[in-house]
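One structure is given below, encoded as structure tokens.
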Amino acid sequence: MTETLKTAPVLVVDYGAQYAQLIARRVREANIYSEVVPYETPVAEMLARKPAAIILSGGPSSVYAEDAPELDPALLEAGVPVFGMCYGFQSMVRALGGTVERTGLREYGSTQARIADRESTLFNGQPEAQSVWMSHGDSVSEAPAGMRVTATTSGAPVAAFEDDERRLYGVQWHPEVMHSTFGQPVLENFLRRGAGLTPDWTPDNVIDEQVALIRETVGEDRVLCALSGGVDSSVAAALVQRAVGEQLTCVFVDHGLLREGEAEQVQREFVAATGVNLVVVDAQDRFLGELAGVTDPEQKRKIIGREFIRVFEQAARDVVGDGDDRGHPVKWLVQGTLYPDVVESGGGSGAANIKSHHNVGGLPEDLQFKLIEPLRALFKDEVRQVGRELGVPDAIVDRQPFPGPGLGIRIIGEVTEDNLAILRRADAIAREELTAAGLDKDIWQCPVVLLADVRSVGVQGDGRTYGHPVVLRPVSSEDAMTADWTRVPYDVLSRISTRITNEVEEVNRVTLDVTSKPPGTIEWE
Ligand code: XMP
């Protein structure tokens, strides 16, 4: 079960530099399925995927760099429509016999492009002057034979070209970024007019395809899923439940490090909405016992990971035993692996090598499960859409990313029942106010961190206090690899601060983390 989807994809050839995933998302936003492949992939292998079209991404390199990735001209001769962007554009020029020069005219950032033909395939229906986002040192000085130049900028005499006959297109800029004001229309013009594709793909298509695939793969076997309460495992479980119903058993290890209301949501609302078989293991005391006296973040992660495996293994053995009795072994384990993990571990096929960091404890080794990863073709926002379609409650579908070790790594100091209770209340207030202010869409996640090891002087009523600070860490991000701190309006911050200091007795100071990532990580530990 390592394939992504059967749908013929628009393949985005990844020249590195993190643009490729964004391009694939933009194509999917245009309702056309898309996947990323590394540029080293042989052309024959790419064509074997029967791509609906090919997009060559930007990259960090100059085509003059010694190790600059080259484009095999065979890819341009296969009759598949191709669209090159930035580095991809220049690599097309090289492969087709045009000229890329070190003109000394570099362009970085926003530039005005002049469209030479407003009825062309790419620019149909668009204004003559448009802002585009550039990032190039070399420029194309001469378009390859047969290419019509359809846009220019001051630093790029050939900023776009088109050849409707061979269905080859390119722009020097980055249409995938928001700063290119007509970026999405340019991309959609390529997909619909250039490549002739019909925009009929939505993430919901995954449901029928995966349900059929899971049924076929699993047969009569039984399936296990470790439910964390997060979006990914919940939606994966709901999808597998739709496919094989009673054959699925979900195990929810309550390690006591969840936020207010989350364990209940899993145990009641999720079960009610999806009808999954759920085994809840209340292991709060065990985790707290093991964490007693521990303040080192890595140590905490190790303990939580280790205990999680132990508890899950035991629960799994109970279920496996049950399975054996009935003659249908438990062979399968559901994982909520997403597409970015698949891409980062090397492409669309082969077992996903999920970052251990993002996975509580990894898999129990001796249980020898085979993986079912029904979400491995999807980005996070698409998983949410599928979750909604499957009837997973909004409170779970809209949940912010939450680390496996939970509140354990948001308490700077010892993880005790008291500290957890303090943090839970502060966190619930922050979430409530951010939601009430309509900011959930702008915020990727907002950890609230309790500085349990720190005390500061305050005054409340008639007396001095000696309480703990909490830190608000609202961040905006597309993928958590990089992030910026969210500019939450002052009045919302003020309400959160007032409520936390009024309602959570032990907290007498609320601070705001204004660090981007890098250099700061999102979590404090
Ligand atoms: P950082 O703190 O590395 O976080 O900027 C990036 C994203 O990963 C989440 N995160 C974790 N998730 N186990 C997890 O399952 C962990 O140990 C862990 N540490 C960080 C974090 O919440 C953010 O979304």
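For segment 74-97, filtering for residues that are open to solvent by 20 Å² or more (accessible area, probe 1.4 Å) and under 12 Å from Asp138 (Cβ atoms) leaves 1.
Restricting to segment 418-438, count the residues that are open to solvent by 20 Å² or more (accessible area, probe 1.4 Å) and more than 15 Å from the ligand (Cβ to nearest atom). Number satisfying all stated conditions: 11.
Select, from Val27, Val36, Val12, the only residue that is open to solvent by less than 60 Å² (accessible area, probe 1.4 Å), in contact (Cβ under 8 Å) with a residue 60 or more places away in the chain and assigned to a strand (DSSP E or B). That would be Val36, the only listed residue that is open to solvent by less than 60 Å² (accessible area, probe 1.4 Å), in contact (Cβ under 8 Å) with a residue 60 or more places away in the chain and assigned to a strand (DSSP E or B). Taking segment 10-36 as the range and being over 17 Å from the mean Cα position of the chain (by Cα) and farther than 18 Å from Pro69 by Cβ as the test, the residues that pass are Val10, Ala30, Asn31, Ile32.
Of the residues contained in segment 225-233, one or more are found to be of a type outside the set (A, V, I, L, M) and farther than 16 Å from Thr337 by Cβ. Scanning segment 179-186 for residues that are polar (S, T, N, Q), open to solvent by less than 20 Å² (accessible area, probe 1.4 Å) and in contact with a Ser or Thr (Cβ under 9 Å, 6 or more places away or on another chain) turns up at least one hit. Any idea which residue in segment 477-511 is farthest from the ligand (Cβ to nearest atom), counting only those that are under 15 Å from Ile429 (Cα atoms) and in a strand (DSSP E or B)? Step by step, filter segment 477-511, then rank; the result is Asn508. Checked against the criterion of being surrounded by fewer than 17 Cβ atoms within 10 Å (Cβ to Cβ), under 20 Å from Ile500 (Cα atoms), in contact (Cβ under 8 Å) with a residue 40 or more places away in the chain and not small (Gly, Ala, Ser), the candidates Gln445, Gln460 yield just one match: Gln460. The residues of segment 103-138 that are loosely packed, with under 13 Cβ neighbours inside 10 Å and under 22 Å from Pro69 (Cβ atoms) amount to a single one, Tyr108. None of Asp208, Asp164 is open to solvent by 50 Å² or more (accessible area, probe 1.4 Å) and not assigned by TED's automatic domain parsing to the domain that holds Val100 except Asp208.
Test of understanding: among Ala421, Ala395, Ala377, Ala426, which residue is in contact (Cβ under 8 Å) with a residue 40 or more places away in the chain and more than 30 Å from Val342 (Cβ to Cβ)?
Working: Ala421 fails: in contact (Cβ under 8 Å) with a residue 40 or more places away in the chain; Ala395 fails: more than 30 Å from Val342 (Cβ to Cβ); Ala377 fails: more than 30 Å from Val342 (Cβ to Cβ).
Going through Ala421, Ala395, Ala377, Ala426 in turn, the sole match is Ala426.
If you go through segment 480-525 and keep only what is open to solvent by 70 Å² or more (accessible area, probe 1.4 Å), in contact (Cβ under 8 Å) with a residue 60 or more places away in the chain and closer than 25 Å to Tyr339 by Cβ, you end up with just Met481. For segment 254-275, how many residues meet the condition of being in a loop (DSSP other than H, G, I, E, B) and surrounded by fewer than 20 Cβ atoms within 10 Å (Cβ to Cβ)? Looking only at that region, the number is 3.
Could you tell me whether any residue of segment 301-318 is open to solvent by 10 Å² or more (accessible area, probe 1.4 Å) and in a loop (DSSP other than H, G, I, E, B)? Within segment 301-318 (the criterion being open to solvent by 10 Å² or more (accessible area, probe 1.4 Å) and in a loop (DSSP other than H, G, I, E, B)), the answer is no, since none of the residues qualifies.
For segment 444-476, filtering for residues that are part of a loop (DSSP other than H, G, I, E, B) and either among the acidic types (Asp, Glu) or more than 15 Å from the ligand (Cβ to nearest atom) (or both) leaves 7.
The values are calculated or read from the model by the stated rules, or taken from the named source; none is laboratory data. These figures come from a predicted structure and were not determined experimentally. When we count neighbours, we look across all protein chains shown, and the Cβ atoms used for this are built from the backbone with ideal geometry, even at glycine. Ligands, DNA and RNA are stripped out before the accessible areas are found, and what is left, the full protein with its side chains, is counted by its heavy atoms. Shrake-Rupley method; radii C 1.70, N 1.55, O 1.52, S 1.80 Å.
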